[in-house]
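J.: Once you've had a glance at the structure underneath, I'll fire off some questions.
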Amino acid sequence: MLNAFLLLTFAQIVATISPGPSFVCVSRNALRSRIQGLATATGVATGTLVYATAALCGLGLLFKAFPWLFDLITWGGGLFLLYFAVMLWKHASDQIDFNPATPEVDPPSPARGKTLWSAFLSGFFVQMSNPKAVIFFGSIFVAILPADATGLYKVAAVSLSVSIEYVWFLLVAVFFSHARLRAMYGHAKFYIDRVTSGTLGALGVKLIASRL
């Protein structure tokens, strides 16, 4: 089980740091103020808690009733990782527009105000509507966990996922509240995305190979 836990840690870190809607939402709110970014990060972590808990509670019962479903989800998660790796590699040179005034890139949620509560809700709703989160917790997350995982092990797995997401997006909020650091990321984005792409691809191959 230790190997599975380490693999889950690795997968969660890679999935979390890869750019997505939640990353853009936190970074843009951090442009308004650091506290706005921190509140948004809290909302994202809360959404992660909901997904991770739901994945374990619902899919664990399905796996007991339909053992073949575990293999199917593992294959699906591996294939998605390969697809996402290709897309990330392909668009590594694309730059993210961090201008909070750009209307078409505002967080897709009912919370667009500037209060801390609205910042929290924007992070929560973006995470809940994030297809990357849906696929990760619906397939990769449960596929990596051992089929005979204990209750304590599952609690630790959920805590791990939430902690990784929360710490990362807190760092993002602090990072993008500084103009100089934000510019540094823009210059390094191409290389960061290429390295992340290779890592995701390798993890996808590993997941598929584990079911052969």
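The values are calculated or read from the model by the stated rules, or taken from the named source; none is laboratory data. Worth saying up front: this structure is predicted, and the values here are computed from it rather than measured. Heads up, the Cβs are rebuilt from the backbone with ideal geometry, glycines too, and the neighbour counts pull from every protein chain shown.
J.: Can you name every residue in segment 159-201 that is exposed (fewer than 14 other Cβ atoms within 10 Å of the Cβ) and within 25 Å of residue 70 (Cβ to Cβ)?
T.: Of everything in segment 159-201, just one residue is exposed (fewer than 14 other Cβ atoms within 10 Å of the Cβ) and within 25 Å of residue 70 (Cβ to Cβ), namely 159.
J.: Still on this structure, I have one more. Taking segment 76-111 as the search range and keeping residues that are more than 20 Å from the chain's Cα centre (by Cα) and closer than 25 Å to residue 186 by Cα, which one is modelled with the highest pLDDT?
T.: It comes out as 93.
J.: Something else now. Considering only segment 113-158, how many residues are crowded, with 23+ Cβ neighbours inside 10 Å, modelled with pLDDT of 85 or more and of a type in the set (S, T, N, Q)?
T.: So the answer is 2.
J.: Then there's this: Looking at this structure, is residue 70 within 14 Å of the chain's Cα centre (by Cα), at pLDDT below 85, surrounded by fewer than 21 Cβ atoms within 10 Å (Cβ to Cβ) and not small (Gly, Ala, Ser)?
T.: No, not satisfied.
J.: Next question. Which pairs turn up if I take residues in segment 135-153 that are in contact (Cβ under 8 Å) with a residue 24 or more places away in the chain and under 18 Å from residue 205 (Cα atoms) and look for partners that are charged (D, E, K, R) and in a helix (DSSP H, G or I) with beta carbon separation below 8 Å, at least 6 apart in sequence or on another chain?
T.: Note: pairs meeting the criteria are 145/154.
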